[in-house]
Every structure is written in structure tokens, then in C-alpha cells.
Amino acid sequence: MSVLAWIVATPLLGAVLIALARRPFTRDLTLLLIALATLAQVLPLISPVLAGERPAVTLATVMPGIDITLSVEPLGLIFALVASILWVVASLYAIGYVRANALPAPKRFHACFALAIGAALGVALADNLFTLFLFYETLTLTTYPLVTHGGSPEAVRAGRVYLGILLSTSIGLFLLGIVWVFSLTGRLDFVPGGLLNGVIEGPALAVLLGLFVFGIGKAALMPVHRWLPAAMVAPAPVSALLHAVAVVKAGVFTVLKVIVYTFGPDLLANTPAAHWLMYVAGFSVIAASLIAWRQDNLKARLAYSTISQLAYIVLGASLFVPAALTGAAVHLVAHAFAKITLFFAAGAITTATGMTRVSQMNGLGRRLPWTMAFFSIAALSMIGVPPTAGFVSKWLLLGGAFDAQAWVAVGVLILSTVLNAAYFLPIVHAAWFRPPSADPPDDDSHEAHGAHAHGAVSRTGEAPFLLLLAMGLSTLGVGALFVWPDLPVALARSLP
Amino acid sequence: MTLLAHLPPLQMVLPLMAGPVCLLLGRPRLCAVWALAVAGACLAIALTLLGQILDTGVISYHVGGWEPPWGIELRLDALSGLMLSLVSAIAVVVLLYAPASVRHEIPADRQGLFYTLFLLNLAGLLGMCTTGDAFNLFVFLEISSLSTYTLVSLGRGRSALRAAYVYLVLGTVGATFYVIGLGLLYMITGTLNMVDLAQHLVNADNPRTLLVGAGFVVVGLSIKLALFPLHKWLPGAYTHAPSVVSAFMAATGTKVALYVLLRLAFTVLAPSFSALHLPHPVTVEGMALILGLTGMISASVSAFLQTDLKRMLAYSSVAQIGLMVAGAALLTPTSVTGSLVHLINHAVLKATVFLALGGVLMRLGSVRLEDLAGAGRRLPLTMGAFLLGALSLVGIPGTAGFIGKWTLLLAALEQDRWGVAVLIGAGSLLTLAYVWRVVEVAWLRPAPAQAARVPEIPLSMLVPLGVVGVANLVFGVYTAPTLGLARAASTALLGGATP
Amino acid sequence: MTWETAGGLYNYWIFILLMMIGFYTVIARGNLIKKLVGLNIFQTSVFMLYISMGVVDGGTAPILSDRFTVYTNPLPSVLILTAIVVGIATTALGLALVVRIREAYGTIEEDELLALDHEDFPAGRTSAGDTP
């Protein structure tokens, strides 16, 4: 079997091994080793891809013209790298979190986590739309048990929204779009320059673009974003996985991939009817930011922030110029590192103190100095302040917007930066500069309840070490991407 | 002549003769082994015939040496070969599963009868797929129907008797409609051989009789295949029949009726369709399309409202039959291929879910939604197989159910039939809605506190269940046997007779 | 169509009349036995259709003999022999089911059966309540 197949197979194999593990220690060690093994297989792909090689392997031919094929190209490698690097970090965090909160059914949890990563890597390495769709749906189904892991009625409801929106968009719109492409061209592979170039034009193209953009519900472009806030009932590592690593990134990655390889930026740039996407994405950026501003629940605020940040990436893609596409691809990386840190921090805060709401976080910096330090750095990255990764990608996006002379996009980027600051800085300010408030933390969230019930966590000290280690590593990534942005930028620039 | 040349009649004569032997054998265990051996032999014959057909083309066998159109002709093309293999394969799987389940659901003194009837039913179904004579078809139709009525009545509880009675009345009405229609067609042409009938109908100058005859035939068969709105018998029959019978009926009974409808519509009636003077916007295929799609949507909604899972799946069958009819009504090679491949895959997936429910009924004593809380943890393997079948039913990529839906969507878009494409998508989503209720209850709701631990179902049930369950995944990726055959069959069906 | 041709086709009128009587009985009667009787009439009408269809004016039964040159088409009669067998089997099975239903429910009236089934399955829509 080729390396590519192994990359996807390793987490799947890992899931089996985790399910078979008898002792908690073996289980956790297996998880870490599998994550590292996956990363070790992805890393060697960098230099051949930069050198222009595009290794591929066909696993099966399902129907004539429809294969299950894996291949690697710059965009897919970016996503695969993000997913496999952050998986290592997330495993550390998940191990710590599961132990600290005495989460029920840890084996199922870790196994499904591994399956989800495998599916995300499948999406990253898919060589055609069918393969991509296959793994996309697998990802939805394997993350469902994670979202509903708590088993409480609200978790079941959230799972229903999650699955309902993701599957109805993918079956109702995405699949229709794929079949349409196939009926037009008789193939589904990703072609540099665009498969549909010269096949379809005008309003029909705009409709097809709509089928894809809204059909890829994981990209959470408004109005198909509802699943993301609903899914925040899930345990913190899952939220981190959903928001930063696998699910939403699989969504925007698919959007980018479709725009770059199926439509082709040139075709879309020359079709005025397709320019609606920029306005929809711009609206999504602003509206989600405004909603985030109004949220008191920390995870809800982060969820809406994700929706807004994902729309950045779609916005970058919707400008249809190479510079903006580069910006979008780099933002995918930058947002992943920063957002995973934020969610880690949110989970750590709940684990350590039982707090879930922003209004409770006054003076938290003194109780949890490390956690809040990581949180603050990641928040600055979300706003786009140097020296963080967010600055680099926002800079590139702005450059792309100027390049495309899309003044609306420039305006949106500037306005949303202000809004980002408006909803992140108060948290940072309150945590560091306000005195701790007297009112006790509420227990309305399921997680806080779990932490109480098991009494495994002390309410005074910092978060457990593994959580801090994971946060530290991802924060390091946020900084490193500012100092050495060369690799993602080089990969993104080598897009056709 | 060698034995090989006589395989076509042997195909249905074997189970027909072997059936009553079960009554002589007496002991249920012996009967089970005997029935399985016969079904296995049928499968071997079917596969041999299929190989011959794919090698050399249509096989025509003249019963008793009488030349058609006077004698009865057995006529096998790729589509018949496909159906024969499918029906016998499902029969083998179901009979492997049957002994343990039958022991549990049917009183000991009637178990021998069960195997007799099962083989007779098999003979009827295989006969319908082999014969090239329209009246002979009626005879086989009634052999399979009569045995099915009886099989349904073997179900637990008195409701099974009523369901069987309802099915008997409606089934007989359907069969009689078919005979009336056939009589009218015979009146115009003087022949009953399908190929001959088609040729004579083209030259017939009596369009009104043709119209009425065709109408009776199609309506009669539509009852048999439970096409909306003539599906009322099906939910009761599937719900109250023994689990094994539900599985076999759902996987093969309606499928064969659909085969017959397609065979008659495309081979016999299609060449003379132009002679049917219907008022302008009305077309035969248009009506079939509307009925199929309406059936798909309305039956899916009904399925969503059910709390008895067997009944839910029964409505789901009505919906999927609607989809297949609608697909065939688009009248393109792709759409007919899609219909046929969905027919195969749906047989596999419905066998999976019904067999899984048989296991649930055995261990938990009920297949009502509210009694299934925690079933996913209590019977992980059985419910795992159910989940596979359910995902396949929804049409998740990588499962067998996806292949048919994909092909049908493609066929709809090739003709720019956006409405049809959207409805197919909507049907999938409704399927998701009713299937997912089960998933939520079985896996996310905890088992009741007083629930005893139950063992998994016996290995003799688990293995065939696993085979069909995994087949859902295999046929989702490896489609050469399903899609390839469906394509050959659709070519055979449309060959020269594209209206 | 003139009265003459309409009258000349009287066998078909009888067929249609019988068919409608039978079909109506199946639908309208609530007694399971009466339904079966209706079903029988319905089937018999088809026998009429086939047999009268094959009759040749002035023809006799198809017997091989030098004395007769005109005889009725034998094929429909043969077909109907088969159909009669099927009909008998159906009726026998139907009656057997009615006997069993009577044993199990104590009635063979459809509305009472429905009510009893609703008692078995209080949820209502999960009963066997699909009437033909």
C-alpha cells in the first residue's frame, strides 16, 4: 500500500487498537503513538510536493469515471499538515481532559476522535470530488458520536441539528452539485486551472457555485452555520477538533479546493454572476462577529468567532485572484492554531474552575496565569495583531483584496478586525485587570456539572499539566507561524 | 441433450418439486437442511445460467419441444439472469438465518410447513423470472402469492391472520386484473408469448382494447409491487409476517413484481405505446413518474410516523419501489440502469435491516421504537448490521444504497429534470430522518434499569446477517457485479425497444 | 356503436356486470366470507370473458372428428382451467384464514376486527388496520 493510503489508514487502525486497549495507560499511549506515526508519514511529503511532485494512488474504481483515489497537492498538504500536527497536540489535551473530567466511555471517545482525523486526512488527500465526498460524509458520521458523547437530552438535540444540517446540505446540495459536474464533464478529478473551464458559464455557473458553497455545510457559511454553535455541548477536545482541526477546516478546505480545481479561479473571475459569493462571505464575516459580540457563553462566542473566521477564508477564495487564495490558505493554518488554543483554554477554564461564561472571568488571569496567557496570545492572533500568525494571514488577505481591487472586501476585513477586537479584548482585559468577582460559578453547563460530580479537579489551582502542555505547544505554533511563515506561504503560492 | 441445456426449467422445477418433500421429512432440522441445499442448488443453476447468458446472449428454451408461440417458451436475457441470481442468493442467505429464528417464532408443528411454503414461493419467483409466456407468468405469480399469503399468516399474533387475509384479497384482485388485461391483449393478438405479443400489438388496429388491456395489466401488477397508491396491503403483511418472511419478501417479492412490470412495459407494451392515444400532456411514463415520486415522498413521511420498526421499514420499501419506478419512467439507459442497480442494492440492504430486526425481536421481544432504548449497547453486532443497512438505505457514499441514488440523480440531470433530482435528494433526507430516530433511541437512550443482560443472537443468525451487512459496504465500492449487470440488463430491456 | 352491435356483444356486458358486482362486494361488504364470495364472482367474470372470447359461431367443442370443421378456439378454455384451479386454491386458503380469524378473534366482521386490533395495538397507527 502506498504512503498516502497509510496516512489515511493509520488513524483508522489506531481507532481499532484504542478500542482493543485494556488499560487506560496503554490506550493513551496508543493514541499518542498513532498521532505521532501519522505526522511522521505526512512530514516527508513536504519536499517532494514543493519540488512539484504529485504522488497519487488509486484504491478502487467504483463506477466508470469514478475512482477512490488519493493524491497530494499543495493545498491538501497544508490541510494534512495542520490536521496531523494539531492531532498530536489535541491528543495530549484529550488525554488530560478525559482524565481530569472523568469523561465516560473514554475508549469510544478516543476511537471516534481517531476515526474523525482519518476521515479529515482522507478529505485532505482526496484526488477527486467523489473521494472527497466519501470522506466528507465519513467525517460527519464519525464526529456525531463525539458531539452526542454526553448523552444528555441537549446533547442529543445538538446532535440532531449537527447531523441534520450537515447531511441535508451535503445530500441535498453538495451531492447534486457533484452529479451536475459529472453529467457535464464525465469526470470528477481536480484539474489545475479548473475542470469546468469552458463547460458552463453565466447564471448556471453561479447556481452551481451556490450548490457547492452552501452544500459544503462544514464551511458554516451563513445561513448554514447553525450546527456549529449547537455542537458546542460537546466536550472541549471535541470542540477544538470541530472548530480548529477537522470539521470546519475540512469544509473551507473543500470550498477552496472546489474553487481552485473544479471551477478554476479564472473562470469564476470572468463570470460576474459568480461574484455574489464575496458579498455572502462578507456578510457572514460581519454578522457572525456581531453575534459573537453578544454572546456571554465563552464557547458560543468562540463558535461564532469561528463562523466569522471561516468566512474570511471563503472571502479570500471568492476574490478569485492568486494572492487572495494564498491568503485564504494561510489563514486556514493560522486560524487553526489560534482557535484550537482558544478552545483548549476554554476547556481548561471549565476544568479548573467550572466557569463557562465570559461574565464570570473577571480576574481569572491571577488564578490561571498560564491558561489566560495562552488565551490572550491566541485572541491577539484572531484579531490579527503582530507578532502572531493571524497578522500574517490577514496581511496576505488584505494584499489579495487590494490586488483584486475589491474594496468591499477591504472594508469587511478592516471592520471585522475592529469587531474581533471588540469581542476578544474585553475578555482579556477582564481576566487580567479586573478584580475577581464574588459570585460563584454556575453549574448550568453539562461539563461543569460533570466536573463537580466527579470532584476530580481542584477549584483553586491551574489546569492539569497535560492541558497546559497542549496549549503551550499550540501557542508556540501561533508565534512560530509569524516568525517562519515560509512553509505554508510557499505551499499556498505553488497553487495553480 | 445434456443436463446443461435443461437448466432453465430445472431452475424453477427443482424448488417446486422439492417443496412438498419437506412435508415428508417432518423434522424441522432436516427440512432446514434440505431447503438450504435446494436453494444452494438454485443459486448454482442461476449463476451458471447467468454465465451462459453473458457468454452467448439470450437463452430460449421450448418447454416440451413445442415451438413458440404455440408452446411455452422460457426466455432468459441478462435481466432474467440477474433476477434469478439475486433471488436465489437472498434465499440462501435467508435460509441460513432461518432455523434459529423460525424455531423462535413459529410453533414446532408448523415449521416443516414453513420450509415447504418457502420453497414453493421461491419456485414461483424464479418461474416469473424465467418464463417468456404471459399466461404462464400468471401461474407463477399465483404460486408465489399463495405461498406468501400462507407464510404471512404464520406470523406471531392474530394480526398476522388479518394481514394475510387483506393481502390475499388485494393480491387476488391484482392477479385477476392482470388476467383480464391479458385476456384483452390476447383478444387483439391471439398470442400469449411475450415477444410474439409485442410484434402483434404493433400491428394491431384496435388501440382502445390495447389501452384498456394494458391498463388492467399495469394496475394489476402495480398492486403486486405495491406501487403508490396501491400499497395498502404491504405494511400490514411485512409487519406481522415472521421476521424471516418479511426479510425475504422485502428483498425479493416486490422486486420480482417490479421485474415483471418492467419486462411487460418495455418488452411487450413499449413498441406499441405510440398507438395509445392518450390526451395530450398525459403520457404513460409521465404517470409512472408522478406516482413513483409521490409514493416515494408520501411513504417516507408515513415511515417517519411509525413506531413499529418493521412497519416503518415496510413503508420505506414502498418509498424505494416508488423511486425505482420513477427511475425506470425516465426511459433512458442511465435511468433504467439506476433503477435496476437500486433494485439489487435495495434487496441487499432491506434483507440486512429486516434480518437484524429479526434478531432484535428474538432477544428483546419487540421491535417497537420505545422498546429499543439502549439496544445498540445490548446487541452491538446485530444493531451494528442494522446501522450498516440503514446508512445504505439513506445512501451514504461508500454504501450500496449510494450507487443507485447516484445513477438515478445522474440520469435526472442528464435530462435536466431538476425537479426529479431534488425529490430524490429530499427522499434521501426523509429516509435519514426516520432512520436516525432509531439510531438515537438505540444508542443514545440508556437501556431501562430493569433490563436483563441479553446474549448476542446465535452464530447461525449472525453469520448470514454479517454477510449481507458487509455486502452493503462491498457493493458500495466494488460495483462490477451490481452496476455491470444492471447495465447489461438495461441494455437487454431497452434493446431495440426504446420508445 | 349501434344497439345491434352493443347487443351482439352481450357476453362482454355480462362479464362487465359480473366483474362490477364482484368487485363491489369485495369493497363494500364487511363480512370476510362475503368478501370472498365477491372475490369469487369477480374471478368468475374473467372466466366468462376468456371462454366467450374463444367461441366461434356455430362451432363445436374442439374434438378431432371428420364430421366437424368449425370448432371453438381451445386455448382460452385451457387457460381458464388453470385459472379455475388457482381460484379454488385462493378461495380455499381464504376460507381457511377466515376460520383461523374466527378462532382468534371470535368474529369475522371487519369493523369489529379493526376495533379488536386497536385493543392489541393501542397506538392506533401500528395496528394491522389497512382495509382493502
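The values are calculated or read from the model by the stated rules, or taken from the named source; none is laboratory data. Computed from a predicted model, the values in this text were never measured in an experiment. Cβ coordinates were reconstructed from backbone atoms using ideal geometry, including for glycine residues, and neighbour counts include every protein chain displayed.
Details
- The lone exception for B:Leu4 - which of (1) assigned to a helix (DSSP H, G or I); (2) in contact with a Gly (Cβ under 7 Å, 6 or more places away or on another chain) it fails: (2)
- Remark: pairs (first residue in segment A:122-151, at positive phi; second residue surrounded by fewer than 24 Cβ atoms within 10 Å (Cβ to Cβ) and assigned to a loop (DSSP other than H, G, I, E, B); Cβ separation under 8 Å; 6+ apart in sequence or on different chains) = A:Gly151/A:Pro104; A:Gly151/B:Pro446.
- Residue within segment B:172-186 that is surrounded by fewer than 20 Cβ atoms within 10 Å (Cβ to Cβ), within 14 Å of another protein chain (Cβ to nearest Cβ) and either in contact (Cβ under 8 Å) with a residue 24 or more places away in the chain or not charged (D, E, K, R) (or both) present: no
- Residue match in segment B:441-454 (condition: within 14 Å of another protein chain (Cβ to nearest Cβ) and among the charged types (D, E, K, R)): yes
- Checked against (1) surrounded by 21 or more Cβ atoms within 10 Å (Cβ to Cβ); (2) at the interface with chain A (Cβ under 9 Å from one of its Cβ atoms), B:Leu493 passes all but a single condition, namely (2).
- Count - residues of segment A:122-146 that are within 11 Å of chain B (Cβ to nearest Cβ) and of a type in the set (A, V, I, L, M): 4
- Identity of the residue in segment B:460-490, of a type outside the set (A, V, I, L, M, F, W, C) and buried (at least 19 other Cβ atoms within 10 Å of the Cβ), that ends up farthest from B:Pro271 (Cα to Cα): B:Pro464
- Restricting B:Phe402, B:Phe386 to those that are closer than 27 Å to A:Tyr144 by Cα, away from every other protein chain (no Cβ under 14 Å) and at pLDDT 90 or above reduces the list to B:Phe386.
- Selection count where residues are facing another protein chain (nearest Cβ under 9 Å) and either of a type in the set (Lys, Arg) or assigned to a helix (DSSP H, G or I) (or both), scope segment B:142-166: 16
- No other residue among A:Ser289, A:Ser376, A:Ser318, A:Ser308 is under 19 Å from A:Ala470 (Cβ atoms) and of a type in the set (Gly, Ala, Ser) apart from A:Ser376.
- Test: residue in segment C:63-85 that is within 12 Å of another protein chain (Cβ to nearest Cβ), part of a helix (DSSP H, G or I), touching a residue at least 60 places away in the same chain (Cβ under 8 Å) and within 17 Å of the chain's Cα centre (by Cα): no
Listed here are the residues, each with its yes/no results for (1) under 30 Å from A:Ile178 (Cβ atoms); (2) surrounded by fewer than 22 Cβ atoms within 10 Å (Cβ to Cβ).
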residue	(1), (2)
B:Glu370	no, yes
B:Pro380	no, yes
B:Ala400	yes, no
B:Trp418	yes, yes
B:Val422	yes, yes
B:Tyr434	yes, no
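- One residue stands out among those in segment B:410-430 that are within 8 Å of chain A (Cβ to nearest Cβ) and in contact (Cβ under 8 Å) with a residue 40 or more places away in the chain: the one that is farthest from the chain's Cα centre (by Cα), which is B:Glu414.
A quick yes/no check of all residues on (1) surrounded by fewer than 24 Cβ atoms within 10 Å (Cβ to Cβ); (2) farther than 25 Å from B:Ala98 by Cβ; (3) within 18 Å of the chain's Cα centre (by Cα):
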position	(1), (2), (3)
B:Gly292	no, yes, yes
B:Leu309	no, no, no
B:Thr332	yes, yes, no
B:Ser335	no, yes, no
B:His342	no, yes, yes
B:Lys350	no, no, yes
B:Phe354	no, no, yes
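- Residues in segment C:12-40 that are more than 20 Å from C:Ile108 (Cα to Cα) and surrounded by fewer than 19 Cβ atoms within 10 Å (Cβ to Cβ): C:Tyr12, C:Trp13, C:Ile14, C:Ile16, C:Leu17, C:Met20, C:Ile21.
- Segments classed as helices (runs of 4 or more DSSP H), wholly inside segment A:244-330, with at least 1 members that are in contact with a strand residue (DSSP E or B) (Cβ under 7 Å, 6 or more places away or on another chain): A:298-318
- Any hit, segment B:181-188, residues being part of a helix (DSSP H, G or I) and closer than 18 Å to B:Met287 by Cβ: yes
- Taken over segment B:229-245, the criterion of being within 14 Å of another protein chain (Cβ to nearest Cβ) and in a helix (DSSP H, G or I) is satisfied by B:Trp233, B:Leu234, B:Pro235, B:Gly236, B:Ala237, B:Tyr238, B:Thr239, B:His240.
- Number of the condition not met by A:Leu176 [criteria: (1) within 10 Å of chain B (Cβ to nearest Cβ); (2) closer than 22 Å to A:Ala234 by Cα; (3) among the hydrophobic types (A, V, I, L, M, F, W, C)]: (2)
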